[in-house]
Each structure stands twice: as structure tokens, then as C-alpha cells.
Amino acid sequence: MDDLRDPAEAITTCCQTLLAETEGTLTEQQQEFIQTIMNNSQRFTHQTFSLQDQIEQMRAGTAFFEIGHELRSPLTTIFGYNHLLLNGMVGELNAQQQQHLRQIDEIGNALKNAIDRLFENASHTQDDQII
């Protein structure tokens, strides 16, 4: 689960850095969006801790795949708010701010891919158990 938690914590760190380094240059709405991204990243991290035990217990059953929604939901919010910020929908950003947001996007994609691999591996494991 560290391959999921580490990137989520990196998103939180990027948001904290973005807020600290650009203090006074972000609009209130931009700050709120970044805070929402950070809150969802932290939510994702907490969910990985609470779901780790459940995942191990559920690998043999279909309930394991329902957990995917719990992990993907915060990522959807992170991507949505991040793209609104990157596309200037809530105001212009300087190059440094845009770089932090692009980094959040890259980390989010890495998280999504890690989740996809986790569930793909679980699917193969489940298929092997059936055979």
C-alpha cells in the first residue's frame, strides 16, 4: 500500500508548498481549490490505511473490487480541481504555481495507475484461485 500512500502524501506536500511559496498571490478561490485537493489527498491516504486490512481479507471475493471506488473517489476530485486550476478557470497562475499543479497531476496519474495495477493483479490472483 506504500505505492499508493507515498504519492498521495507527495500531492499533499505539493499543495502545502504551493500554498506556502505563493502566499498572497493566489485568489481566495484558488486557495480553496488547492485546499480541496490537499484534503482529498489526505482522505485518500487515510482510506488506504483503513482499507489495507480489508483488502487482504477480501481479495478472495468480489467485495474487494468495491474498494476501488473508495480509492478512486478522492482522485477524481483531485483531478477535477487541479484541472480547473491549471486551465485558468479560477484565475491566472504564475509559472511556479502551474509547475506545482502539473506535478500534482503527474503524481495523481501515477496513483491511478498503481490502483489499476493493484486491481488487475487481484483479478489475476482471483482467476488463478478459480482454476
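Values in this text are rule-based calculations from the coordinates and carry no lab data. Predicted model, so just to flag it, every value in this text is computed and none were measured. In this analysis, Cβ positions are derived from the backbone assuming ideal geometry, glycine residues included, and neighbour counts consider all displayed protein chains.
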Original post:
When only residues in the range 15-54 that are crowded, with 18+ Cβ neighbours inside 10 Å and within 15 Å of Leu93 (Cα to Cα) count, which is farthest from the chain's Cα centre (by Cα)?
Top reply: Leu26
**OP:** Filter the range 7-34 for residues that are out of contact with any His (no Cβ under 7 Å at 6 or more places or on another chain) and polar (S, T, N, Q) and give the result.
**Re:** Thr12, Thr13, Gln16, Thr22, Thr25, Thr27, Gln29, Gln30, Gln31
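Listed here are the residues, each with its yes/no results for (1) touching a Lys or Arg at 6+ places or on another chain (Cβ under 8 Å); (2) at negative phi; (3) without any contact (Cβ under 8 Å) to a residue 24 or more places away in the chain; (4) surrounded by 15 or more Cβ atoms within 10 Å (Cβ to Cβ).
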site: Arg72; (1), (2), (3), (4): yes, yes, no, yes
site: Ile78; (1), (2), (3), (4): no, yes, no, yes
site: Asn82; (1), (2), (3), (4): no, yes, no, yes
site: Asn87; (1), (2), (3), (4): no, yes, yes, no
site: Gly91; (1), (2), (3), (4): no, no, no, no
site: Asn94; (1), (2), (3), (4): no, yes, no, no
site: Gln97; (1), (2), (3), (4): no, yes, no, yes
site: Arg102; (1), (2), (3), (4): no, yes, yes, no
site: Ile107; (1), (2), (3), (4): no, yes, no, yes
